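Below is one structure, written out as structure tokens; the observations come after it.
The values are calculated or read from the model by the stated rules, or taken from the named source; none is laboratory data. Keep in mind that this is a model prediction, so the values were computed, not measured. Cβ placement follows ideal geometry from the backbone for every residue including glycine, while neighbour counts extend to all protein chains displayed.
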Ligand SMILES: *Cc1c(COP(=O)(O)O)cnc(C)c1O
């Protein structure tokens with residue numbers, strides 16, 4: 001058996017929900033899609049929800065609804081999955097990176113404001129900021145909302161790590177503070193539909209635009225034409241096929257019913273790691289602000305590795321000897337040759353992101369990880385790194 005940084009939890013109830021839906025008349029574009037969307041709206045307290053085929057499709061659609069022009073700017077964190085950045089590039093606008101806070105690993109608010117001012121001075125139009133609730137730890141959304149109002153830009157929450165997190169006690173914080181929220185239901189995330197995702201919003205205009213974008217831009221109108229030509233439909237904008245099937249939505253509905261319990265399990269595991277590592281000066285753990293309820297999609301552990309090579313040696317040793325597979329989340333965007341070509345990665349210093357990449361790594365955390373295995377994992381990590 002391997003111990004990976006994360007994996008899905010599938011119950012027999014989940015399996016039954018999927019197989020029941022497979023026996024229905026419609027296995028895609030059927031009634032379960034809207035049912036899932038209603039469950040999402042209720043769980044995450046948004047006015048609208050659009051189920052999408054992936055978190056990446058959700059990001060593509062969310063950013064598209066902002067109608068960016070070629071010189072419009074969007075700012076995000078360098079410590080994110082490539083899809084966050086790609087969503088802006090798909091829409092042919094400019095993306096800028098702004099450094100993370102060295103202890104919470106979400107956008108550093110002061111540096112963000114400095115960077116906004118810097119771009120304004122160059123007469124750039126900032127259209128949006130995408131905050132990433134890294135590992136399940138919510139960004140400082142109140143401060144982000146303050147800046148969004150002050151400088152007049154949209155807020156997007158790339159919420160893919162944070163389903164089940166709370167901010168000031170509110171599980172519906174994401175759509176409350178951000179204009180658009182994107183979630184992913186990939187198997188490593190806090191809830192899964194296999195592949196899948198969604199956009200949440202309280203904005204009706206965005207909702208309607210994204211719904212068309214999800215399905216080829218096809219618009220059925222109930223007008224005179226439809227009366228005489230019942231097959232007719234309109235296409236006014238380009239769209240994609242970003243739909244989620246009914247059986248995946250059935251899995252999503254069933255998974256959401258276990259979300260709270262699964263998050264409680266993740267938090268229990270995290271607490272045990274915290275207790276073990278926080279008083280050891282050799283290690284660093286993620287800081288969680290008082291009003292954040294962290295859902296622990298990831299558990300990040302920091303150690304002062306001499307360099308990336310020594311970190312690589314540690315990874316290889318654990319994979320080979322103990323079948324414990326660590327991961328790095330993420331190689332910072334500005335390290336990729338491709339993004340160096342298409343993004344102005346020299347625009348601002350990204351010191352905290354660089355240091356985070358050198359030192360931090362993700363260790364196993366998922367609801368079915370039992371105490372015995374967890375204790376073994378943390379003792380092995382400590383024993384190996386103690387000698388360094
Ligand atoms: C997983 C993830 C995505 C992409 O989601 P997919 O469903 O895999 O397309 C985007 N952003 C972040 C931060 C993610 O973790």
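Is there a residue in region 5-12 that is in a helix (DSSP H, G or I) and without any contact (Cβ under 8 Å) to a residue 40 or more places away in the chain? Talk me through it step by step, then tell me what you get.
First pass over region 5-12, keeping only residues in a helix (DSSP H, G or I): 12.
Narrowing the set further to residues that are without any contact (Cβ under 8 Å) to a residue 40 or more places away in the chain leaves 12.
Yes, that holds for at least one residue.
Restricting to region 203-224, name every residue that is under 16 Å from residue 41 (Cα atoms) and more than 19 Å from the chain's Cα centre (by Cα).
203, 204, 206, 207, 208, 211, listed by residue number.
Identify, by number, the condition in (1) within 16 Å of the ligand (Cβ to nearest atom); (2) under 17 Å from the mean Cα position of the chain (by Cα); (3) farther than 24 Å from residue 112 by Cβ that residue 36 doesn't meet.
All conditions are met except number (2).
Anything in region 270-280 that is more than 21 Å from the chain's Cα centre (by Cα) and assigned to a helix (DSSP H, G or I)? List them, or say none.
271, 272, 273, 274, 275, 276, 277
Can you name every one of the helices (runs of 4 or more DSSP H) wholly within region 48-126 that holds 3 or more residues which are within 16 Å of the ligand (Cβ to nearest atom) and either at pLDDT below 95 or closer than 29 Å to residue 299 by Cα (or both)?
55-64, 82-90
Name every residue in region 134-178 that is away from the ligand (no atom under 15 Å from the Cβ) and touching a residue at least 40 places away in the same chain (Cβ under 8 Å), in order of residue number. Steps first, answer last, please.
Residues of region 134-178 that are away from the ligand (no atom under 15 Å from the Cβ), as a first pass: 140-155, 166-173, 175-177.
Selection gives 140, 154, 166, 167, 168, 169, 170, 171, 172, 175, 176.
Going by the structure shown, is residue 130 more than 16 Å from the ligand (Cβ to nearest atom) and either touching a strand residue (DSSP E or B) at 6+ places or on another chain (Cβ under 9 Å) or touching a residue at least 60 places away in the same chain (Cβ under 8 Å) (or both)? Don't jump to the end; show me each part of the working.
Numbers: more than 16 Å from the ligand (Cβ to nearest atom): no; either touching a strand residue (DSSP E or B) at 6+ places or on another chain (Cβ under 9 Å) or touching a residue at least 60 places away in the same chain (Cβ under 8 Å) (or both): yes.
The answer is no for residue 130.
Does residue 190 meet the test of being out of contact with any strand residue (DSSP E or B) (no Cβ under 6 Å at 6 or more places or on another chain), over 19 Å from residue 132 (Cα atoms) and assigned to a loop (DSSP other than H, G, I, E, B)?
Numbers: out of contact with any strand residue (DSSP E or B) (no Cβ under 6 Å at 6 or more places or on another chain): yes; over 19 Å from residue 132 (Cα atoms): no; assigned to a loop (DSSP other than H, G, I, E, B): yes.
Against the criterion (out of contact with any strand residue (DSSP E or B) (no Cβ under 6 Å at 6 or more places or on another chain), over 19 Å from residue 132 (Cα atoms) and assigned to a loop (DSSP other than H, G, I, E, B)), residue 190 does not qualify.
Would you tally the residues in region 161-182 being part of a strand (DSSP E or B) and in contact with a strand residue (DSSP E or B) (Cβ under 8 Å, 6 or more places away or on another chain)?
Start the filter on region 161-182 by keeping residues that are part of a strand (DSSP E or B), which leaves 166-167, 170, 180-182.
Keeping just the survivors that are in contact with a strand residue (DSSP E or B) (Cβ under 8 Å, 6 or more places away or on another chain) gives 166-167, 180-182.
Here the count works out to 5.
Looking only at residues that are surrounded by fewer than 23 Cβ atoms within 10 Å (Cβ to Cβ) and within 20 Å of residue 47 (Cα to Cα) in region 179-202, which one is nearest to the ligand (Cβ to nearest atom)?
Selected residue: 179.
Which ones in region 75-86 are without any contact (Cβ under 8 Å) to a residue 60 or more places away in the chain and crowded, with 22+ Cβ neighbours inside 10 Å?
First, the residues of region 75-86 that are without any contact (Cβ under 8 Å) to a residue 60 or more places away in the chain: 75, 83, 86.
75 - this is the single residue of region 75-86 that is without any contact (Cβ under 8 Å) to a residue 60 or more places away in the chain and crowded, with 22+ Cβ neighbours inside 10 Å.
Go through (1) at negative phi; (2) in contact with a strand residue (DSSP E or B) (Cβ under 9 Å, 6 or more places away or on another chain) and name the single condition residue 32 misses.
(2)
Which condition from (1) under 30 Å from residue 238 (Cα atoms); (2) under 21 Å from the mean Cα position of the chain (by Cα); (3) without any contact (Cβ under 8 Å) to a residue 60 or more places away in the chain is the one that residue 70 breaks?
Every listed condition holds for residue 70 apart from (2).
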